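To start, the structure under review is shown below, and the notes come after it.
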Amino acid sequence: TEEMMLQSEKLSLVGQLAAGIAHEIRNPLTAIKGFLQLMKSEKNENSQYLEIVFSELNRMEIILSELLMLAKPQQSMFKKENIHNALTEVILLLETEAHLNNVLIEKHLYSECEHVYCDQNQLKQVFINLIKNAIEAMPKGGVISITTKTESDGVTIIIEDNGEGIPEEILKKIGQPFVTTKEKGTGLGLMITYKIIENHQGTIEVKSEKEKGTIFTIKLPFEMNEEKEEKKSS
Ligand code: ADP
Ligand code: MG
């Protein structure tokens, strides 16, 4: 656990740094985009290069907005909330995308006391990140199974897919920034996910087997330890 502590401290530092850098980069990026748009509207023979420049700019914007997410947990809104609402909304949001990829999302929402102290928007972000990854791990289709259970001190949420599995070298570095196997990936989704769960004083574990699938298990406590919370904000 000492190692875990160290990692979480590193993450919050990275988060602050990331947000700062993202803000600094965003302004010049907006200016560049504006001038490029002007150049594009004038007729010239370099339009195919401009296309590449635009698509790379868009990629930078996506990375920046994901980095800015890291700053959000500091201004979070914690309330007693029903996690089934957040899960159901996210599933609804991603069902079309899943369908297009021949992926079926199965819900097993069993917990009776599903109210936990949480920031609903942040939790939605976690579910979106995990379910999207699961869809992307099953290019030939498959099943995502989402299960909730009640324990004595909190709720367990299990998100399971039968996709390609996480490569071992990625598994070792999971939760670190810019770890990705995808051509268009940012490698920030899981880092943000881990950060948010940590902010909820919860835990997240992953089990994965090549060609078999991946299981993410999240545990969220019913009550948060205020002492820890105070320490975080000071
Ligand atoms: P990104 O999706 O942008 O690559 P993430 O942080 O969301 O970044 O994920 C990091 C990497 O972890 C992915 O590139 C992928 O290799 C691996 N991964 C995450 N979730 C899964 C999953 N459910 N199945 C297989 N691999 C996964
Ligand atoms: Mg992702």
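The values are calculated or read from the model by the stated rules, or taken from the named source; none is laboratory data. Fair warning: this is a prediction, and the values are worked out from it, not measured in the lab. Note: ideal-geometry Cβ built from the backbone for every residue, glycine included; neighbour counts use all protein chains shown.
Computed quantities for the displayed model
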item	result
Test: THR180 is without any contact (Cβ under 8 Å) to a residue 12 or more places away in the chain, of a type in the set (Ser, Thr, Tyr) and assigned to a loop (DSSP other than H, G, I, E, B)	yes
The range 94-115, residues that are at pLDDT below 95 and within 16 Å of ligand 1 (Cβ to nearest atom)	LEU94, GLU97
Subset of the range 150-181 (residues that are of a type in the set (D, E, K, R), within 16 Å of ligand 2 (Cβ to nearest atom) and closer than 21 Å to GLU106 by Cα)	ASP161, GLU164
Which numbered condition CYS118 fails, given (1) modelled with pLDDT under 95; (2) crowded, with 21+ Cβ neighbours inside 10 Å; (3) under 26 Å from SER55 (Cβ atoms)	(3)
Verdict on ILE197 being of a type in the set (A, V, I, L, M), away from ligand 2 (no atom under 13 Å from the Cβ), under 22 Å from VAL90 (Cα atoms) and in a helix (DSSP H, G or I)	yes
Failed item in (1) in contact (Cβ under 8 Å) with a residue 40 or more places away in the chain; (2) surrounded by 12 or more Cβ atoms within 10 Å (Cβ to Cβ); (3) within 8 Å of ligand 1 (Cβ to nearest atom), with ILE218 passing the rest	(3)
The listed residue being more than 6 Å from ligand 1 (Cβ to nearest atom) and more than 17 Å from the chain's Cα centre (by Cα), out of GLU160, GLU164, GLU169, GLU136	GLU169
Filter result for the condition that a residue is of a type outside the set (Phe, Trp, Tyr) and modelled with pLDDT under 80, over GLU61, GLU24	GLU24
Test: residue in the range 140-149 that is surrounded by fewer than 21 Cβ atoms within 10 Å (Cβ to Cβ) and either aromatic (Phe, Trp, Tyr) or within 16 Å of ligand 2 (Cβ to nearest atom) (or both)	no
Failed condition for GLU183, given (1) surrounded by fewer than 18 Cβ atoms within 10 Å (Cβ to Cβ); (2) over 20 Å from LEU67 (Cβ atoms); (3) within 18 Å of the chain's Cα centre (by Cα); (4) more than 9 Å from ligand 1 (Cβ to nearest atom)	(2)
Some residue of the range 205-221 being among the hydroxyl-bearing types (Ser, Thr, Tyr) and within 13 Å of ligand 2 (Cβ to nearest atom)	yes
Within the range 89-115, considering residues that are more than 20 Å from the chain's Cα centre (by Cα) and hydrophobic (A, V, I, L, M, F, W, C), the one surrounded by the most Cβ atoms within 10 Å (Cβ to Cβ)	LEU109
Flag if LEU130 is more than 13 Å from ligand 1 (Cβ to nearest atom), buried (at least 17 other Cβ atoms within 10 Å of the Cβ) and under 14 Å from the mean Cα position of the chain (by Cα)	no
